[in-house]
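These notes concern the structure reproduced below.
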Amino acid sequence: MSAQAEGLVVAPRRRLRDNAVVVALRGSHQAIFGGAVLSVVILIALLAPWIAPYGEHERVGEVFEPPSSAHWLGLDDGGFDMVSLMMFGTRVSLIVGFSAALVAMLIGGSVGIIAGFFGGRTDTLLMRITDYFISIPDLPLMIVVAAVWGRSLRNIILIIGVIYWTSTARVVRAQVKSVRERGYIRRTRVLGASNMRLIVRHVLPQVAPLLVATSVLMVAYAIFAETAIAFLGLGDPSATSWGLLIENAFARDAITVGAWWAIVPPGIAVAIVVVALTMLGTAIEDALNPRLRVSHVSVRRFKLRAAPPRPEDET
Amino acid sequence: MRSTEYVVRRIAFAFATIFVAATLNFVIFRAAPGDATTAMRCLSCTDEVRAQLRQELGLDKSKFQQYVIYLKDLAHGDLGRSFQNRQPVLPQLWQPLKNTLPMLLLGTFFSILFGLITGVVAAWRRGTLPERLSVWTGLAFFSLPTQWLGIMLILYLADPLGLPTNGISDPYLSFSNPSLWAEFTDRLSHMVLPSLTLGLVLFGEYTLITRSALLETFGEDYVLTARAKGLTTWQVVRTHAFRNSLLPITTLIFISLGFITAGSILIEAVFNYPGIGLLTYQSVFQKDYPMLQGAFLVITASVVIANLIADLLYIKLDPRIVE
Amino acid sequence: MNARRLLCLIALALAAVATAAPASPAASEKAAKDGGIVRMGTTEPFDSMNPFVAFQAISYEVFTNVYPVLVQYDTHFKLIGDWAKSWTTSKDGLTWTFKVKPGKWSDGKPLTADDAAWTGNTILKFKKGAAASLAPFISHATKLSAPDPTTLVIKYDKAVANVLPQLEQFFILPRHVWEPIVGSAAKGLKDYDPGAHLPIVGGGSFYVTKYDKKGTTILTRNPGYYGTRPHLDAVGISWFANSDAMIAALKSNDLDYVDSVPQTVATTLGKSGDIQVIPGPGIEVRDFGFNSSPKKKKNRELLDPKLRAALSHAFDRKQMIDVVWRGLAQPRATLVTPLSSPYMNTKLQPEKYDLALANSMLDKLGYKRGSDGIRRTPGANSHPMSYGVITPTSVQGINREFAIVRDSFQKIGVKLTQRSYDATTAFTEITKPNNKYLDFDMMMWDWLGYFDPDYILSVVGCDQYGGWSDTAYCNPAYDKLYQQQGVTLDPEKRQQIVWKMQEILYRDKPYIQLAQLKLVYAFRNGWTGIAPPILNASSKLPWLNLQKTS
């Protein structure tokens, strides 16, 4: 039975449009820019097979052919069209990004919720484990695990997700702790509601927006991590991602040949998407609760990627 | 929890983490299928040789036995011998570490420099386009793939500036009997591009700190008082703003050192810079477990220690952190 | 941040920079300007200067030049004397007598046949132990002796056909240096690091005076060398982690010579005019392999030679040579290359690339296409023809190679998926479980043989499970022929046997050989006496003949 039906507790319900978060977002330049870029990229990813000028595996010329009117960004080290590869690359990059973020969210979110909700020794134990994970340098760990499990897309996603869950866990835990102390939770508990129901019906909705915001940031980190992994030769060679494009070019001596068109576009694409996602994610976090000092700014846990600098921070 | 208690706990935790990491090292690396003797394909690599090698390297023992030996050696400060050249691991780690650290320091210097410049611009021109640009360039550089940024520098900066793009020094310099100065400039020139890459990636954080420190100062009453006393704005800014930002920047430096010892893998791979990152990367594929475990331990230890120092400094910055 | 702190940081940085020194002691070397030094760049990694420990090619390159060897290859890949000026064989082929030239080790001590006898007997004594990796070069030898300082006698237990090719890698060590290290039981022999005790005493044309496996290793001319005096005073070998950096160093005149230029760079590099790029003979042959273990569990249709024959028409060697190797490779049909001539079977031709033919052969064999375009095996338990191909990341350009094969196979209705691992893991995946080869379907790798075909013919032997075999091919008839050619002293008869062996492999197709790669190398202008780097590890001639002209 829902708490509402019980008539005792009324969780605030409002129309999404009037939700304070959404209102704040609509006014934020960052959110709009971030959202717009993301939409364009997703659109390209979905429509790639139809809008790409050439096939993903279609050899159209010589290795490292320079840009021409037929091929605006020239050809890569296999004789494939760069523009098409860039478009197809959005698919893999986004898939890796979103999937890895999902894995990180599931693990981190669960850990955070359990730690925050139950507190006490469970909390301490989980946080110890989290802290150990944070201290271990992530890139060497990724290298080793990729070497062990082999290079496939599935493994890359798992690796990134498993290594990045820690920041989510901490953030979620903090939020859950504060939610747990709220009045209506206490009252519901007194009435005998089970922990599971409390978590699902009351804690989760409160934490969900934060999870969303952190997910967005996580996608940015994941896309970034994927390029690092691909560069070290650990990416899936059959999955054309932007990271793989950079690595292929580098490994086949694009620098010496001077084939900048094989290297520059993927890097810029990654940066644009990561910036957009970062802006969107931090804008959501700001809109959620301006007082919530979720300190992304530098001085906490720095891993392969620090939390990115936020333009609006510390004003 | 009082401050001292926190400090003690924090230090104990750091040690525990290093130990756990050392164990994890062992477990993860040896979980990989095959070992250093598996894929040897050469005329002298007969079956007998491989079997014998396996025995010499202790790879024929059970994983648990290997773990026990590993811990015992570790307790004696012995990191074992490299599978590649049979020489002790620890001395072979020092040089790469000594190579990486100056590069990191120079990189941090660059990031502070760029951060200062952009931070000052941002604070001075508050609310206008230059401010946004200053702050967002930090974010933009941060979001570019690190290795890509290094490659860009090689492609477009190396030739114009006449900078080398590979290694740590000119190997044939010693033939011309160089002066100390010549050797120094040679080392420095090899360090510039890798450090510059690092600096560009990380300066965004410093921008924000500088900017906020300056803004804080501008809003303070004592500025008015000081000016009334005859000091220029610049003098006030210099004393107070910089003092405000001192601690955050120092804390950030330590965190950065911890981070980039690990993150240097990408930069060192691009520039072929013989540091601890490159060593780690290469040891993985050679399945040189002792070397890899040693490198990993060093990296983990530096991350942990750097974070420890940063945390302890951070208490000074914000005592409320002590829960 | 105040200025003082900034200065402190700078000072720290300076101090740290000044201590970031190269790994080995900086013995300041001054090469005489008239002899000169050649600055060579390589991406081959050094492992050790201890011959009992080292396996890497570049280490062997150094050994070949710093230690006396009885014979070496000349620029036509024929064996001639190095330290030995002549040799005779007994009638039964069991005793070889060598007359060697007088010379001195780099520390001035005399070089005599006794050093060789001691080295050989030591290796034999510890061949099951510390000296195992050097044993293959005097396999079947039983005793070495030096009746006088310029005569070496080697006794064998079998009349072996490739004694000389083996001896080409039999490095003779200075007894006065190594005997104390070996001791009586060779304990700790492998822990000895010659690189830490410079200069390393050598008796060849050069000796090691500086060793830095991550940097530059210097070999200086040995004044006591028994052969013609080298033109150069020293050879410098600089290691680079990636070829881009190495090529950049060559272009900016920080290097004189690069022993391996990536094919993608070869054409553009030569354009600058001050660098000559030479596509030289290479020994690397790329291959595609089928799991030939009769006990393999899944996809047993791949064991059928008729199916393999059909699939063999889907390998577009021309496109591979064009895209992956930029034209710098030759199509091949067998493991043996022209460098081993006359042992390469020239009657065998690479299987023709003909997708229509492949398709019709597959149709005739009963592999019908499913609705998704992928063929299915005929009969009961019909399953789609979808296979994994193991590829090691250590092989350059393997991803492009695979992609071309994958796309061709797709056109004949067979689906291939890449399984990419590092070399060690890849080999484990091939041999699992426990060297029984029950699991994998296909793989792509390469072989680097030697000039004498004995080694490369041995890699598909039944006794190579868990050894060199990456296809689990086992054919007793083939093995018998292998044993036979090993003791056939008449070169013509031996050639016939070796040709027959290649025919068998061509018929059974454990491998589909793809191409033999050229080894492209580059020299800056101003050098003469250049020899292809493929000889560097098999002869002293390349570094002996090299001479500066400008």
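Structure summary
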| read-out | value |
| --- | --- |
| Candidate lysines for bridging to C:Lys295, where Cα separation is under 16 Å - those fewer than 8 sequence places away on the same chain excluded | C:Lys432, C:Lys436 |
| Nearest-20 debye value, the protein assembly as shown charge dipole, Cβ charges on Lys, Arg, Asp, Glu | 2940 debye |
| Among B:Phe19, B:Phe109, B:Phe184: highest mean-square fluctuation, GNM of chain B, C-alpha pairs under 10 Å | B:Phe184 |
| Choice from B:Leu257, B:Leu157, B:Leu139 showing the highest fluctuation, given a GNM over chain B with Cα pairs closer than 10 Å | B:Leu157 |
| Proximal lysine pairs, chain B, alpha carbons under 22 Å, eight or more residues apart or interchain | 5 |
| Members of C:Lys109/C:Lys158; C:Lys78/C:Lys509; C:Lys415/C:Lys480; C:Lys298/C:Lys415; C:Lys91/C:Lys128; C:Lys518/C:Lys548 lying beyond 27 Å, as alpha-carbon distances in this model show | C:Lys109/C:Lys158; C:Lys78/C:Lys509; C:Lys415/C:Lys480; C:Lys91/C:Lys128 |
| Cα-centre dipole for chain B with unit charges at Cβ (Lys and Arg positive, Asp and Glu negative), debye to 20 | 600 debye |
| Label-point separation in nm, C:Gln349 to C:Ala309, each point 7 Å along Cα→Cβ | 1.6 nm |
| 10 Å Cβ neighbours from other chains, averaged over peptide B:271-284 | 4 |
| Segment C:111-128 - phi-based ³J(HN,Hα) in whole Hz, Karplus 6.51/-1.76/1.60, Gly and Pro as x | 9, 9, 4, 4, 4, 5, 4, 4, 4, x, 5, 5, 4, 5, 5, 10, 5, 8 |
| Of every Cα-Cα pair in segment A:39-118, the percent that sits beyond 19 Å | 52 percent |
| Chain C: C-alpha gyration tensor shape, a/c 1.5 cut-off, then a/b vs b/c | oblate |
| When segment A:184-267 is reduced to its Cα atoms, the Kirkwood hydrodynamic radius in Å | 16.3 Å |
| Theoretical ellipticity at 222 nm over chain C - DSSP helices of four or more residues, -39500 (n - 2.57) apiece, nearest 500 | -8500 deg cm²/dmol |
| Cβ crowding within 10 Å averaged over residues, with B:33-45, A:58-70 ranked highest first | B:33-45, A:58-70 |
| Set of aspartates and glutamates near C:Lys540 by C-alpha distance (under 15 Å), chain-local residues within fewer than 8 positions excluded | C:Glu61, C:Asp74, C:Asp82, C:Glu168, C:Asp233 |
| Chain lengthening between C:Lys155 and C:Ser382 when straightened (0.36 nm per residue, less Cα-Cα) | 75.8 nm |
| Sequence-separation-based contact order of chain B, relative, with Cα cut under 8 Å and 6+ spacing, percent | 27 percent |
| Peptide-level mean, for A:246-254, of C-beta atoms on other protein chains within 10 Å | 6 |
| Proximal charge balance of C:Leu70 [Cβ under 13 Å; K/R count +1, D/E count -1] | +1 |
| Degrees, to the nearest 10: C:355-364 long Cα axis against longest axis of chain C | 50 degrees |
| Segment A:126-181 versus segment C:483-535: alpha-carbon centroid distance in Å | 51 Å |
| Rounded to whole Hz, the Karplus (6.51, -1.76, 1.60) HN-Hα couplings of segment A:159-170, x for glycine and proline | 4, 4, x, 5, 8, 9, 6, 4, 5, 4, 4, 4 |
| Most positive-pole-ward Cα, C:Pro262, A:Leu280, C:Ala515, against dipole of the protein assembly as shown from beta carbon charges | A:Leu280 |
| Distance from segment C:30-107 to segment C:262-326 (C-alpha centre basis), Å | 32 Å |
| Semi-axes of the equivalent ellipsoid for chain B, Cα gyration tensor, largest first, Å | 45, 27, 16 |
| Principal-axis tilt of helix B:47-56 within chain B, Cα atoms, nearest 10 degrees | 60 degrees |
| Simple label model, 7 Å out from Cα along Cβ direction - C:Lys493 to B:Asp78, nm | 5.6 nm |
| Per-pair calculated FRET efficiency, R0 = 35 Å: B:Glu48 and C:Leu438 via Cβ, rounded to 0.05 | 0.90 |
| Between segment C:382-459 and segment B:5-43, the Cα center-to-center distance that results, in Å | 31 Å |
| Cα-based radius of gyration of the protein assembly as shown once divided by 2.2 N^0.38 Å, which approximates compact folds | 1.01 |
| Hull shadow area, averaged, segment A:77-148 [alpha-carbon convex hull, nm²] | 7.1 nm² |
| For segment C:209-223, Karplus couplings with θ = phi - 60° (6.51, -1.76, 1.60), whole Hz, Gly/Pro x | 10, 8, 9, 8, 5, 9, x, 10, 10, 10, 10, 9, 4, 8, x |
| Spacing of the two label points (7 Å from each Cα toward its C-beta) at B:Leu173 and C:Thr268, in nm | 2.9 nm |
| Residues of type aspartates and glutamates that C:Lys500 reaches as a straight line, Cα spacing below 17 Å, ignoring anything fewer than 8 places off in the same chain | C:Asp452, C:Asp454, C:Asp479, C:Asp490, C:Glu492, C:Asp508 |
| Net charge dipole size for segment C:233-347 [Lys, Arg +1 and Asp, Glu -1 on Cβ; Debye, nearest 20] | 1140 debye |
| For segment C:95-176: rounded, prolate or oblate by the Cα gyration tensor [a/c cutoff 1.5] | oblate |
| Positive-pole candidate from A:Gly119, A:Ala101, A:Phe133, dipole of segment A:66-133, charges at beta carbon | A:Gly119 |
| Peptide A:151-157, shielding by other chains (average Cβ, 10 Å cutoff) | 2 |
| Listed residues B:Ser302, B:Gly115, B:Thr232: farthest to the positive end of the dipole of chain B (Cβ charges) | B:Thr232 |
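Any read-out appearing in this document is the output of simple, stated calculations on the displayed coordinates, not a laboratory observation. Quick caveat: nothing in here was measured; it's all calculated off a predicted structure. Every residue, glycine as well, gets a Cβ built from its backbone with ideal geometry; the counts of neighbours run over all protein chains shown.
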